[in-house]
Amino acid sequence: MSSVIRQIPLDTATQHHSHDFHQIVIGLQGRAEFEIEGLGGAISALSGCIVPANHVHYYVGQGKNRQLILDLPADAPSLTGYHHELSRLFDAPRFFALDKPLQHYLDFLLLEQGDSQDGLSSAQSDRLAATFLGCLHARLGGETSPPAKRRLNLAKLDRFIDRHLAAPISVADLAGQACLSEAHFSSCFREQTGLSPWQYVRRRRLEAARRLLEESRMPLSQIAVSTGFAHQSALSHAFRSAFGCPPSQIRRAVLERPSPTDVTNRLQHTT
């Protein structure tokens, strides 16, 4: 399948879905909020986000807004063959800003799109998408040997994450705690933990949600919001992916578990 490049406004009511193709969303006008599997952030003109395939994402446009969207099937020419390394961009969701060269390329892409009366052909879309992805990869994923890796203070990062579970947490937020650039921090973090920052934060959110399920009677909707998931359905999807069951099943198992008092009464009754 080929890449598709389109422009649309986003609904001003919160929507959510997932799809079996990757996506790049770039703000052209106004502002929009995204949450991609627990990673939250905002995009405005000349900034964007990466949405990997099969990741549930919530989004909402604010006022008059317009986005450029690149729909990128995993088997698109822009991600296969000579361009196969570009698929690494979609290892995890993230947010980014366009620097000056990418801003100029975006202007060119929009002119190409506007000058084509019948819309871009599949071949044009793939060529334009591949060039943009290559430039973005060079900025976000091209650093293979960052200087002087050091041990990160994971206890400090855990405290920061736990204090901000209910709020969006970006790589920039975590890198700031370590006083490192985003690229250097991400490289050090993956080397030390074997996870991307996004995967680590998501795991910590899920662990906190599971503790609340087991140790409290808080409603599932409240647990979702307090651990950084936009809605109960987002929490349920993440639980199924991580634990193989919905949160309601874990809550039910806890409620059915005999209490210490019940165990004591049974022992006294049998003796």
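The values are calculated or read from the model by the stated rules, or taken from the named source; none is laboratory data. From a predicted model like this one, the values you see are computed outputs, not experimental measurements. For neighbour counting, all protein chains shown are included, and Cβ atoms are generated from backbone atoms with ideal geometry for every residue, glycine included. Surface areas here come from the heavy atoms of the whole protein model, side chains and all, with no ligands, DNA or RNA. Shrake-Rupley method; radii C 1.70, N 1.55, O 1.52, S 1.80 Å.
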Taking only Cα atoms, what is the 0 to 90° angle, nearest 10, from helix 100-115's long axis to the longest principal axis of the chain? 70 degrees
Helix 232-243: inclination vs the chain longest Cα principal axis, degrees, rounded to 10, gives 80 degrees
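Classify the chain from the C-alpha gyration tensor, please: rounded if a/c falls under 1.5, else prolate or oblate depending on whether a/b exceeds b/c. Numbers along the way, then the final one.
Values: a/c = 2.44, a/b = 1.85, b/c = 1.32.
Verdict is prolate for the chain.
At R0 = 22 Å, how high is the FRET efficiency between residue 66 and residue 222 if r is their beta carbon distance? Nearest 0.05 is fine.
The computed FRET efficiency comes out at 0.05.
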Name all residues of segment 240-257 having a backbone nitrogen under 16 Å from the label point set 7 Å from the Cα of residue 215 along its Cα→Cβ direction, giving them as ranges. 251, 254
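Keeping every protein chain present and rolling a 1.4 Å probe, give me the accessible area per residue for segment 1-75 in Å². Please list the in-between numbers first.
Numbers: 2900 Å² over 75 residues.
Using a 1.4 Å probe on heavy atoms only, each residue of segment 1-75 averages 39 Å².
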So the pair-distance distribution of segment 1-147, from every Cα-Cα distance in 5 Å bins, comes to percents of 2, 10, 19, 23, 22, 16, 6, 2, 0, 0
Applying the gyration tensor rule to the Cα atoms of segment 30-106 (axes a ≥ b ≥ c; rounded if a/c under 1.5, else prolate if a/b exceeds b/c, else oblate), the class is oblate
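With r defined as the distance between the Cβ atoms of residue 122 and residue 242 and R0 fixed at 41 Å, what FRET efficiency is calculated, to the nearest 0.05?
According to the calculation, E is roughly 0.65.
At a 10 angstrom cut-off on C-beta neighbours, averaged per residue, how do the peptides 225-236, 210-221, 93-104, 52-63 rank from highest to lowest?
On the way: 225-236: 20.3, 210-221: 14.2, 93-104: 16.0, 52-63: 17.8.
Order by mean packing, descending: 225-236, 52-63, 93-104, 210-221.
Determine the calculated [θ] at 222 nm for the chain from helices alone, applying -39500 (n - 2.57) to every DSSP H run no shorter than 4 residues and normalising by the residue count; nearest 500 deg cm²/dmol.
Working: 10 runs with 124 residues, N = 271.
Only helices count here, giving -14500 deg cm²/dmol.
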Can you pull the percent of the chain's accessible area that's carbon plus sulfur, 1.4 Å probe, other chains left in place? 51 percent
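Would you mind counting up the charge near residue 227? Only other residues with Cβ under 12 Å from its Cβ, with Lys and Arg at +1 and Asp and Glu at -1. Don't skip to the end; give the middle numbers.
Numbers: positive: 202, 203, 204, 205, 210, 211; negative: 162, 207.
With Lys, Arg at +1 and Asp, Glu at -1, the neighbours total +4.
How much length, in nm to one decimal, is gained on full extension between residue 108 and residue 158, taken as 0.36 nm per residue of separation minus their Cα-Cα distance? Working shown, then result.
Details: separation 50, 0.36 × 50 = 18.00 nm, distance 4.30 nm.
Result: 13.7 nm gained on full extension.
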Between helix 182-193 and the chain, what is the angle of the helix's C-alpha long axis to the longest principal axis, kept within 0 to 90° and rounded to the nearest 10? 40 degrees
Compare the Cα positions of 140, 124, 79 along the charge dipole of segment 43-179 (+1 at Cβ of Lys, Arg; -1 at Cβ of Asp, Glu; about the Cα centre) and return the one farthest towards the positive end. 140
Between the modelled labels at residue 193 and residue 135 (7 Å from Cα along Cα→Cβ) the distance in nm is 3.2 nm
